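Heads up: the structure comes next, in structure tokens.
The values are calculated or read from the model by the stated rules, or taken from the named source; none is laboratory data. Computed from a predicted model, the values in this text were never measured in an experiment. Because the Cβ atoms are built from the backbone with ideal geometry, glycine has one as well, and the counts that use them run over all protein chains shown. Heavy atoms of the whole protein, side chains included, go into the accessibility calculation; ligands, DNA and RNA do not. Shrake-Rupley method; radii C 1.70, N 1.55, O 1.52, S 1.80 Å.
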Amino acid sequence: MERNIMWTPWSEPGLEHLHLLQQDGNILADSIIVGVSNRMPFRLHYEITCDSHWEVKELSLTILSGSGKSIKIQADGQGHWSTNTGDPVPSLEGCIDVDISATPFTNTLPIRRLELRPGQAVELLVAYVLIPEIELRAARQRYTCLELNSSGGLYKFESMESEFRAELPVDTDGLVIDYPGLFKSIWRS
């Protein structure tokens, strides 16, 4: 599988270009985001490496403007995270997936990994990254498969820490087509 997709935010200027490649038993998501948060522009590069079952193995992200702050962490697929120097990250204990606030792509990770059937729901802990601050913390979320069809499916996303809810239509690869109020797909190949 090789895909390119672009999303734009609903309410502020911005654009994400994601290149997704599956090869040699790994899945690599490589993306650039140009956006605005709290009236401040930012540029972000992130890479997420997963195994063939969509379990996150590595997250690397860098703010390319301003602070230049970056994070690089590894996961073992069992909820244990470490820095690139091998130090454990106890605040992420139990997190399997990653959720980056500035992209709809990270919703694909649990959608693909869990392979839910219609009516099934799973509550999970994710490594949440707030952009552009690059604040990293654990967050509890729930995904429910509402529908599967020949063009993809529909999933309900719920933050267990707030009242935020969204229904996410996805294509056959589990990539978000439209994230109501936040992101919309503008180009796909």
Might you check whether a residue that is open to solvent by 40 Å² or more (accessible area, probe 1.4 Å), at pLDDT 95 or above, in a strand (DSSP E or B) and under 25 Å from L15 (Cα atoms) occurs anywhere in segment 113-129? yes
Here is a list of conditions, (1) in contact with a Leu (Cβ under 9 Å, 6 or more places away or on another chain); (2) crowded, with 17+ Cβ neighbours inside 10 Å, and E147 meets all of them except one; can you say which number that is? (2)
Check on G174, in a loop (DSSP other than H, G, I, E, B) and not hydroxyl-bearing (S, T, Y): yes
Can you confirm whether A127 is under 22 Å from N4 (Cβ atoms) and under 11 Å from the mean Cα position of the chain (by Cα)? no
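A quick yes/no check of all residues on (1) in contact (Cβ under 8 Å) with a residue 24 or more places away in the chain; (2) more than 23 Å from G181 (Cα to Cα):
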| residue | (1), (2) |
| --- | --- |
| L20 | yes, yes |
| S31 | yes, no |
| V34 | no, no |
| C50 | yes, yes |
| E58 | no, yes |
